[in-house]
Every structure is written in C-alpha cells, then in structure tokens.
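The values are calculated or read from the model by the stated rules, or taken from the named source; none is laboratory data. Small disclaimer: the values here were computed from a predicted structure and weren't measured. Cβ coordinates were reconstructed from backbone atoms using ideal geometry, including for glycine residues, and neighbour counts include every protein chain displayed.
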Amino acid sequence: MRWSRTLIPTLKETPAEAEIVSHKLLLRAGLVRKLTGGLYTFLPLGLRALRKVEQIVREEMNRAGALELLMPALQPPEIWQQSGRYETAQEVLYKVRDRAKKEWVLGPTHEEVITTLVAGEINSYRQMPKNFYQIQVKFRDEIRPRFGLMRAKEFIMKDAYSFDATDEAAQASYHKMYDAYARIFQRCGLKAIPVEADTGVMGGKFSHEFMVPAAAGENEVAFCDGCGYAANVEKATSAVEKCCDQTIEGEVEKFATPGVVTIEALSQPPYEVPAARQIKTLVYLAASKPVLILLRGDDQLNEAKLTGALGTATFRAAEAEEIFATLGAHPGSLGAVGVTHLPVYADERLRETVEMTTGANADGFHLRHVAIGRDIQVAHWADLRLVRAGEACPKCGKSLKIQRAIEVGHVFKLGTKYSLAMNALFLDESGKQQPAIMGCYGIGVTRTLQAVIEQRHDDNGIIWPISVAPYTVCITPLNTAPESAVMQCAERIYAELTECGVDAILDDRNERPGVKFKDSELVGFPIRVGIGEKSLAKGEVEIKPRGGTLVSLKADEAVEKVLSLIADSAG
RNA sequence: CGGAGCGUAGCUCAGCCUGGCAGAGCACUUGGUUUGGGACCAAGACGUCGCAGGUUCAAAUCCUGUCGCUCCGACCA
C-alpha cells in the first residue's frame, strides 16, 4: 500500500473526548473515528489490525476443534422469552419494530440462537462434543459507553458455545477453550492472566476471566505472587481471621451516641470502639423486599457476592426513607438486634463474634455487649466481604495484591440452563433423554485490539506486535521524487517485500522527514526501513524496529534482514 | 438513573464574568523557499457560536428549556 492512496488521518493533538492512552492513540493514529457515543467507524488501518486479531482468534478456535458459523444479529424476542432472559437482560436489549409493528431484538449475545439450532440438529450423544463459534457484532444498550472501543454499544465479539453429553466431556471442552484463550492472547502480544471469576446469578458452576493488567481497566483483580492465585475481587476470598477472641462480658446495653452516624466516629473518643468490634448493618431491597446485611465494621460489602447469597441480581441499597420505615431509625443507627421480621444475611467473619457494638435502631443510640446468635438471629451466613490488598492469600497465606485489569475474555461453564429452557435434549447411550451440558466462551475482539494498545505503547505512539500490526513494515524514503535514487531504492524494497508476502506500506508522501518518522512511530509499524540520500550514497539503508535500535546495512541486504526480524518475532 | 463538567472552524482552544465587527494555533488550498525528527514566508478558503424560546436597541456572552458529549457510580466482552 502507498501511504498517499490510503486514509491515515493522524492527529498531532489529542481529541478532547479521549481520556485513556489507548483511546487517544486509536484516534491519533487514525485507526478509528467516532460516529457518536459508543459507535465507531474502523478506518482502513484500524480494520487491518482488527482483521489480524480476528484471524488469530479464528486459527486458534479452529485448532481447538471449534466450528465457525454465523448467526443473525437480529433475533425474535420469543426465544428470549423462552430462556427467561427477555426479563432479566432487558436493560441491555435493543428492541426494534418492523413495519407490521412486530418487535425484534438486536442480539447482545447468542445463547438462545445457538441452543435453538442445537435443539433441532443434535439429538444423539454420538453427535457430541460440539463447539460452535462466530465472530459477530453484538449490540448492548450500555448504561455508559466509554473509553472508545473498550465499552461500546456495538462491538465485535467472538462467542463460542460447547455442547457435551457428560460432565467430564464438558470439563474437557472448557479446558480446551481455556488453553486456546491463553494462546490467542499470547499471539496478540498481550500479557493476559486467567483469573477466577464470579458466576453471578448463573451460580454454581465455574468461570475464568482473562485479564489484561492496566490502570485503565474497569475490573479489579486480587492476585498472589506466591502461588499464582488470581481472582476477580467480585469472587476473591482471603484467609482473614473469622472470630474475635473475646468472652461475653454482659447483657446488651443501650448507650447514647448523639450525632454519631459513622463507623469512624464511633471509633473515636469518647467511645473508642474499634471498627473491627462494630457490626455494620445495611438495608437492601431484594426483589422489593427489605433484607438486613451485616458486616464487620471495617469490611465492605461485595455486591457480586450478595447476588450469589440472595439468588437474585435485582436488588439495591434502600433509601434513607425506606430504611426509616423498615427499622424506625436512619442510617448510622441501624442494627439487627431483636429484628425478627426481616431476613438477616451476615458475613462469615461475624460468625460467633461477641462483645460487638451496633446501632440500636433508634437515632442517637448504639448497643454494646452484643453477641451474634444470642442477640441477633442470622438467617443466612455467607461470604459477603470485599477482599483488601495485603490480606492473606486463601491458598498459600502470602499477601494479596490488587490490580486493575481489562477483561478481554471469559470462559464459563453454563450447565443445562439453556438446554433445558430451549429443549436441547439428546438421547444418551442408554436411550435416556438428557439436556446437553453447555459452556460459553467470549472474547471481546474490538476490546482486545484496544487492550493491545493500552499495554503496548510509549510516548511516541503504539508499539504493535507483528502479529496484529496493520502493516508489518513501513518504508520511508526521504525523497519521493520518482526518478531519485532514494525513491527507486524504496520502490525496489517495497516490491520485494510485497513479493515475499510481507505487509508493507510505502510512505510516498512528499513530507519532511520529521513528519514521516513521527507518523510511522505514532501508528506503530513494527519495522521501519529508512532510505535517505546520505546513507544511500554509501549504498546503505536503515532498519529501525519500533522500540528497538536502528541499524544501517547494505541496501541489498535490507529485505533479508526484514524477513529475519519477522521470523525471529514469530519464533 | 444519580453526581460533576463541557458544547465557538476538520482538531486543540481563547472570547462569556462585565452584552457592541466571531478569533488564535494546528490542519486545508495556491505560490515560493526548504528537506535526516511534527519547517518558513506570502496569499486564501473554512462558522446556524449544539438546538429552541425569552430578555435587550443589540446575545457566542444574560435567563429558561432541550439535545449531545466527557468524567465518577450501578451493567458487561
């Protein structure tokens, strides 16, 4: 490709809309342009990089035995009603109507479609295992699109769905995908770590997310340097001591605490009750019914864990007025002592604790000498707390670290939720009808592309790995007059590289050298071949790997050198 | 949806407080000089000041409404 013939609208200045570095570089390097919030056009260069990521995904999925197909983005709402997700996923569903006023949905994901297909086509254990995948546009009515391609209303996802006859086989399918994902991200030049993930309302089964560590990430991951334990903080646990070593000193006693409405204030003089000896009482509305949630004063609630404990994701913190109507006191003076009309959920860490202090359900009063069990009836015990950096790893006891990360992939053992709902049944060896056991596996392809930029850049621009670079080599003649020796040399190298199957771009613009160098580094081509009057007078050209050091060599050896650099990186 | 901020040329932004000719830099066009790290000179083209209403002799500027965008929180690949 000749630079002058394609469209690479690089920007010297950063568009005001971009906040994180990868978003800025997507725009500055001329890879994408925004149509409107959460919707982007891929320009020629951005599309080339995207296609390369897709191709890596495709090759590794095929290698793992998955079968590519393509499902409709436009879907009938009936199948969503059948799976029950027409209700539970309604916030993210884009709905459209045709001229007959019939409603349709734009698919945010494809479990319903694939399971409908499989229900019709797979009837015997002999036809399994099967794993179907596609690379397709997804539509999600995101609450807040942000960071360019990172969270968009429309994005490209690779989604795969496995169907197995037995649990062991489903396990094997899962691990195949896990391994394929590790290869995919590695080939994209990404450091992505698999972490244990929360399974949300699906519950029960297991799940891993592939996380790219980055300050701009929207997730937090807890990990242990000692044993390699890594988990999304939504899921992470730590080996904290559960029980305090106190003995009961007396009966519950009410005392006045005028104006004290925070854990912090109660820990100060004159009260001096350590946060660890307080019980924090939260009121949530689960399916519109109030529940009490108890945590140790110095712990934070993990709402993902609460989802699991409540068995529903439709809950929210109650408003102050709702709380007053329920308990007769305002936040800051709440407690569960003597509360029998509401279900009480308590964090495991409070189990058997005594000599605790908590709100009295009367504004301006607290209770001391509170003993869990004796004074508070807990209906459900669960792990509800958020882990914190520095706590002990649940596996090996070393100190946990917490880091932000971008979720680029997710592997999930689904079980039979969809196969039962959509009637994807088969006959097993003994002629018995069984639901297929499913797994689903997603990779955010557009997000992965941006994650590569987020992880691989410097002050001058993107540093593409050869595997996903829009062009591998940028040939930069400093004189573009057609008859000049410099340009003729550039043309020869360009032709030879292209002949060898190398993706090369020839910067034939009549620009000053500085402009060309800056642009090639901003866009981040892995290898630049520079050809100028001075060095060419000595028969030499220059090869500069992006982020590496420049070498001068004979013009005749340039192509060979480039090929060996490419071969090295592939190895 | 709650909180915060911003909408002026393709991009970055000034002008708004205190109403009075719509501006700068970059990018673009033409000519010239330049040519190894985002050049220089000259001439030019480019605007519904987000939109609607109001106040006023006069509104980018003040008021009301509205739409859009960005950031923080809840959703997720």
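Count of the stretch A:432-468 residues, restricted to those that are of a type in the set (Asp, Glu) and either in contact with a Gly (Cβ under 6 Å, 6 or more places away or on another chain) or more than 16 Å from A:VAL53 (Cα to Cα) (or both), is 2. The set of residues from the stretch A:457-471 being within 20 Å of A:LEU45 (Cβ to Cβ) and surrounded by fewer than 21 Cβ atoms within 10 Å (Cβ to Cβ) comprises A:HIS457, A:ASP458, A:ASN460, A:PRO465, A:SER467. Looking for something surrounded by 16 or more Cβ atoms within 10 Å (Cβ to Cβ) and within 30 Å of A:PHE525 (Cβ to Cβ) - is there at least one such residue anywhere in the stretch A:91-103? Taking every residue of the stretch A:91-103 in turn, none turns out to be surrounded by 16 or more Cβ atoms within 10 Å (Cβ to Cβ) and within 30 Å of A:PHE525 (Cβ to Cβ). Counting the residues of the stretch A:140-172 that are within 24 Å of A:ALA424 (Cβ to Cβ) and among the aromatic types (Phe, Trp, Tyr) gives 2. Just one residue in the set A:GLN450, A:GLN433 is farther than 21 Å from A:LYS176 by Cβ and without any contact (Cβ under 8 Å) to a residue 40 or more places away in the chain; that residue is A:GLN433.
Looking at this structure, is A:GLN82 buried (at least 19 other Cβ atoms within 10 Å of the Cβ) and over 22 Å from the mean Cα position of the chain (by Cα)? In short, no. Quick check on A:THR476: is it buried (at least 16 other Cβ atoms within 10 Å of the Cβ), under 21 Å from A:LEU45 (Cβ atoms) and more than 40 Å from the chain's Cα centre (by Cα)? The answer is no for A:THR476. Residues that are closer than 19 Å to A:GLY439 by Cβ and away from RNA strand B (no atom under 15 Å from the Cβ): does the stretch A:199-208 have at least one? Yes.
Selection within the stretch A:475-504: residues that are touching a residue at least 60 places away in the same chain (Cβ under 8 Å) and within 15 Å of RNA strand B (Cβ to nearest atom). The member of this set that is nearest to A:ILE531 (Cα to Cα) is A:CYS489. In the stretch A:8-62, the residue that is surrounded by the most Cβ atoms within 10 Å (Cβ to Cβ) out of those that are among the hydroxyl-bearing types (Ser, Thr, Tyr) and farther than 25 Å from A:TYR181 by Cβ is A:THR10. Of all residues in the stretch A:116-145, those being within 16 Å of RNA strand B (Cβ to nearest atom) and touching a residue at least 24 places away in the same chain (Cβ under 8 Å) number 12.
Okay, residues lined up against (1) under 15 Å from A:SER4 (Cα atoms); (2) outside the structural domain of A:ALA555 (by TED's automatic domain parsing); (3) surrounded by fewer than 24 Cβ atoms within 10 Å (Cβ to Cβ):
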| site | (1), (2), (3) |
| --- | --- |
| A:VAL502 | no, no, yes |
| A:ASP507 | yes, no, no |
| A:ASN510 | yes, no, yes |
| A:GLY514 | no, no, yes |
| A:LYS518 | no, no, yes |
| A:GLU533 | no, no, yes |
| A:GLY539 | no, no, yes |
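Every residue, every condition in (1) within 16 Å of RNA strand B (Cβ to nearest atom); (2) out of contact with any Lys or Arg (no Cβ under 6 Å at 6 or more places or on another chain); (3) more than 30 Å from A:MET157 (Cα to Cα), yes or no:
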{"site": "A:LYS395", "(1), (2), (3)": "no, yes, yes"}
{"site": "A:PHE412", "(1), (2), (3)": "yes, yes, no"}
{"site": "A:ALA421", "(1), (2), (3)": "no, yes, no"}
{"site": "A:GLY442", "(1), (2), (3)": "yes, yes, no"}
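Scan the stretch A:173-183 for residues that are in contact with a Ser or Thr (Cβ under 9 Å, 6 or more places away or on another chain) and either farther than 23 Å from A:ALA405 by Cα or within 12 Å of RNA strand B (Cβ to nearest atom) (or both) and the total you get is 2. Within the stretch A:221-251, being farther than 29 Å from A:ASN302 by Cα and at pLDDT 85 or above holds for one residue alone: A:GLU251.
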